1. Taking N as the number of residues in region 107-191, what value does Rg over Cα atoms divided by 2.2 N^0.38 Å take?
2. Treating only the Cβ of Lys, Arg, Asp and Glu as charged (+1, +1, -1, -1), what charge dipole size does the chain show about its Cα centre? Round to the nearest 20 debye.
3. What is the log10 of I(q)/I(0) for the chain, computed with the Debye formula using one identical point scatterer on each Cα and no solvent, at q = 0.10, 0.15, 0.16 Å⁻¹?
4. Report the accessible area of H221, computed with a 1.4 Å probe over the heavy atoms of all protein chains in place, in Å² rounded to the nearest 10.
5. Residues of the chain: accessible area per residue at 1.4 Å, in Å²?
6. Can you give the extra length, in nm with one decimal, that the chain gains between I91 and D233 once fully stretched, where that is 0.36 nm per residue apart less the Cα-Cα distance?
7. Give me the aspartates and glutamates in straight-line cross-link reach of K129: C-alpha distance below 17 Å, same-chain residues under 8 apart excluded.
8. If each residue of separation counts as 0.36 nm, what is the full-extension length gain between L175 and Y66 once their alpha-carbon separation is subtracted?
Amino acid sequence: MSPDLKAVAIIPARLASTRLPRKILREIAGRPMLAHVYDAVRACGGLDQVIVATDSEEVINVCKHYGWQAQLTSAAHRSGTDRVHEVAGQIDSEVYLNVQGDEPLVRPEHIAALLGVMKNPEVQVGTVKTPCAPADVANPNAVKVVTDAVGRALYFSRSTIPYDRDGTSDSRERLRYFKHLGLYAYRKPALERFCSLPESSLERSERLEQLRFLENAIPIHVAETPYDTIGVDTEDDLRRVEKILLQKK
């Protein structure tokens, strides 16, 4: 990875989550969820800073306890991307990474893949995909992505894409499905433009904010990784992640 690429990772960490209250501070394998995320991101070389962006004084105090860099941001933000944008406005960097605080299975390899995509100075937005497990192909909670021949996203959807119209075993064997992992890297002009644009129609329909980039002709370049993650939204997710982390010990 290019030593000349100045990159900052920002971890949006909203405390007042709806589906699983206070999830970023919930303990997983004896440590707060946020600790697993922060340590994995910090373990990746090539980052100038790792910053937790939160709307909570309680989270700020947890960060101080662990010695993490953190910044208090507005409680009015509608998304983690808006929180990243606020921090990016105060820190000079070539690239800003958005790593959600509810992704405790994130790995340094995910961060390295994102930075690898952004080594190309023409790339304005990067993200990551992984081969989709059979159980997730038709799962609307697992977002699928299709890309063109040079790795640019054509579309993201909760539906099964590509659609196997003929439904034959031969076509199923040829098709490859990819799950989108919600990790992003932006250059500042793309991030600023995204936050200045209104919610798009496809974004509203799929409830996928990355479609705002595509609808406004901002390409998203997609790196591939063999490593899946589990975003934690429910108690079941929490238990699944804890089981995986305990098995690693």
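The values are calculated or read from the model by the stated rules, or taken from the named source; none is laboratory data. Here the structure is a predicted model, which is why all the values come from computation and not from measurement. FYI the Cβ positions are ideal-geometry reconstructions off the backbone, even for glycines, and counts take in every protein chain you see. With ligands, DNA and RNA removed, areas are computed over all heavy atoms of the protein, side chains included. Shrake-Rupley method; radii C 1.70, N 1.55, O 1.52, S 1.80 Å.
1. In units of the 2.2 N^0.38 Å rule of thumb, it is 1.21.
2. 340 debye
3. Evaluating at q = 0.10, 0.15, 0.16 Å⁻¹ gives log10 I(q)/I(0) of -0.47, -1.10, -1.26.
4. Here the accessible area works out near 40 Å².
5. Accessible area per residue, the chain: 48 Å².
6. 48.1 nm
7. Candidates past the 8-residue exclusion: E103, E109, D148, E209, E224, D228.
8. Length gained between L175 and Y66: 34.7 nm.
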